[in-house]
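The values are calculated or read from the model by the stated rules, or taken from the named source; none is laboratory data. Every value quoted in this text rests on a predicted model; they were computed, and no experiment measured them. FYI the Cβ positions are ideal-geometry reconstructions off the backbone, even for glycines, and counts take in every protein chain you see. To get the accessible areas, we keep the full protein, side chains included, count just its heavy atoms, and leave off ligands, DNA and RNA. Shrake-Rupley method; radii C 1.70, N 1.55, O 1.52, S 1.80 Å.
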Amino acid sequence: MERLNPSPDVLENVLNRTGKAKAWRLSAPRRVGIAAALCAAVALLSTGMASAYGHFFHNIPSDVAGSLQPVQLTCTSQDITMTVQDASMVDGTLAVYLTLEDISGSDRLAEGVDFYHSYRVGKPEGTEEISYRYQSLGYDGESGTYGFLVTITPTNGDKRPAFVQGQTYTLSVGQLLLAQKKQQQTFRPDWTSLPQEPERILREYYLRSYVDNYRRPVSTSDHKVEVLSPGGWGVPLAGGFAVTAAGFTDNGFHVQMRYPDKKADFDYGELVLAMADGSVIGKVPGQSDAGNFCSVGFYDEYGYWYEEFIYDILPGDLKGASLQGDFTSGGYLLDGQWEVSFCLDNGQEPETHTVQE
């Protein structure tokens, strides 16, 4: 069998299919360069200021919402306006509530929007490193906005929070991923139809998640892993995804999922095993990971991408269990130049900047 060597771009897409909390990266490779400060602005955050809107458009965790203060700086590109609505600093971490709004009248955000790979947070002066993550807050039909909650933690050389009053933070986005279809599905297969001894093969893996913490050994010598042979057992899933094999081996219960298209760089799927007692095993979106499990990702000889989930259970545990899936597929990229800079307590009024293209 000919060995497949994916391009760096393909591998980057694969490495972003982990399903963990999405992290903004400071020095990740990008398909398109980020324009330098084309619409930078600086604003004062003051406890005495009131929001121009008087409420949040999206559901924000209460522990964050209570401390947010208004910023309301905007940057427009491709007729989509990015607004930093509010921000706060709590225990050395900056929380930023931002929204995207389509001002073209076509409402392109209603079907969903995500930051692709071309996003970053500039490192403030006086810090050694910075970590940043974002959480999607969904679409609000009344305001026509899509919300995100971004958390930013600057650290010093000892990896401790290093917030300094007056630091400037720059949020930049170079591409938006639009019109992805997100679906959820629960299905209860006939577990008695599983093969007693599923056929196994060796594949070179390109992604492994939680393997090091899994309680049973998963063979990964020479960058290869033993997985099920596709086609031994199947269940169609939403969005063109499919279960192509399942069964028990000496290291647990395997469920193999194939992605819908060889060129589906933006697709993502996750399977969770829901047990009869109400517990779950797997990566639960928006919640902590549950149970003992791991997964490996690989390509077949035709270029299709697979992810194989391995759950630490016994055959008797499957009685009354079901599989729950979250599937994201389709969509297209929109290039743009969105960038907003702001700091805390610098005494300047908010400004609005629009990128002319």
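For this structure, a couple of remarks:
- Failed item, numbered, when E301 is tested on (1) open to solvent by 10 Å² or more (accessible area, probe 1.4 Å); (2) within 16 Å of Q185 (Cα to Cα): (2)
- Filtering the range 77-109 to residues that are farther than 19 Å from F57 by Cα and polar (S, T, N, Q) leaves S77, Q78, T93, S104, S106.
Residue-wise test of (1) surrounded by fewer than 19 Cβ atoms within 10 Å (Cβ to Cβ); (2) polar (S, T, N, Q); (3) within 21 Å of K319 (Cβ to Cβ).
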{"position": "L207", "(1), (2), (3)": "yes, no, no"}
{"position": "G239", "(1), (2), (3)": "no, no, no"}
{"position": "G247", "(1), (2), (3)": "no, no, yes"}
{"position": "F253", "(1), (2), (3)": "no, no, yes"}
{"position": "K262", "(1), (2), (3)": "yes, no, no"}
{"position": "D267", "(1), (2), (3)": "no, no, no"}
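- Among the candidates A246, A276, A290, A242, the residue that is touching a residue at least 24 places away in the same chain (Cβ under 8 Å) and either touching a strand residue (DSSP E or B) at 6+ places or on another chain (Cβ under 7 Å) or closer than 30 Å to L177 by Cβ (or both) is uniquely A246.
- Any chance D312 is in contact with a strand residue (DSSP E or B) (Cβ under 6 Å, 6 or more places away or on another chain), open to solvent by 70 Å² or more (accessible area, probe 1.4 Å) and modelled with pLDDT of 90 or more: no
- Count of the range 53-81 residues, restricted to those that are farther than 19 Å from G141 by Cβ and either open to solvent by less than 20 Å² (accessible area, probe 1.4 Å) or touching a helix residue (DSSP H, G or I) at 6+ places or on another chain (Cβ under 8 Å) (or both), is 6.
- Any hit, the range 258-271, residues being of a type in the set (K, R) and either more than 29 Å from L137 (Cα to Cα) or at pLDDT 90 or above (or both): yes
- Of all residues in the range 285-298, exactly one satisfies the criterion of being surrounded by 17 or more Cβ atoms within 10 Å (Cβ to Cβ) and either under 25 Å from V113 (Cβ atoms) or touching a helix residue (DSSP H, G or I) at 6+ places or on another chain (Cβ under 7 Å) (or both), namely G297.
- Residue, modelled with the lowest pLDDT, within the range 133-158, restricted to residues that are out of contact with any Asp or Glu (no Cβ under 7 Å at 6 or more places or on another chain) and assigned to a loop (DSSP other than H, G, I, E, B): D158
- Residue within the range 173-192 that is in contact with a Gly (Cβ under 6 Å, 6 or more places away or on another chain), at pLDDT 90 or above, closer than 30 Å to P315 by Cβ and open to solvent by 20 Å² or more (accessible area, probe 1.4 Å) present: yes
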